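Report on one structure; see the data block that follows.
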Amino acid sequence: MMNSSLPEKEKLLSMLTEIYDQLEELEIVLETSFSDLRIQMNHEEIIKLTAPVQKLHKLEKELDRINPTSDEATEQTSSIARALKLEMGF
């Protein structure tokens, strides 16, 4: 009886070893796959964040053009005042 169970134990051990090896291979494949997926997702998020930042920058430039900052407004006002003084003569 002992002799007959020994080959079955060896067969079972062999099967378990094979399963273990397959699991190790699967782990490597999954790790690589998830790593690639993480890289892809990070890239997509960067793109999603970059577009609004660029739009915001364009809007800020347009706003600055339409409504200059106080320094620019002061310079513009003083040049208009000078032009009026010259035109009115005082």
(1) assigned to a helix (DSSP H, G or I); (2) at pLDDT 65 or above all hold for Lys85 apart from (2)
Quick count over segment 59-68, residues being assigned to a helix (DSSP H, G or I) and surrounded by 10 or more Cβ atoms within 10 Å (Cβ to Cβ), is 6
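The values are calculated or read from the model by the stated rules, or taken from the named source; none is laboratory data. Quantities reported herein were computed from a predicted structural model and do not represent experimental measurements. As a convention, Cβ positions derive from the backbone with ideal geometry for all residues, glycine included, and neighbour counts pool all protein chains shown.
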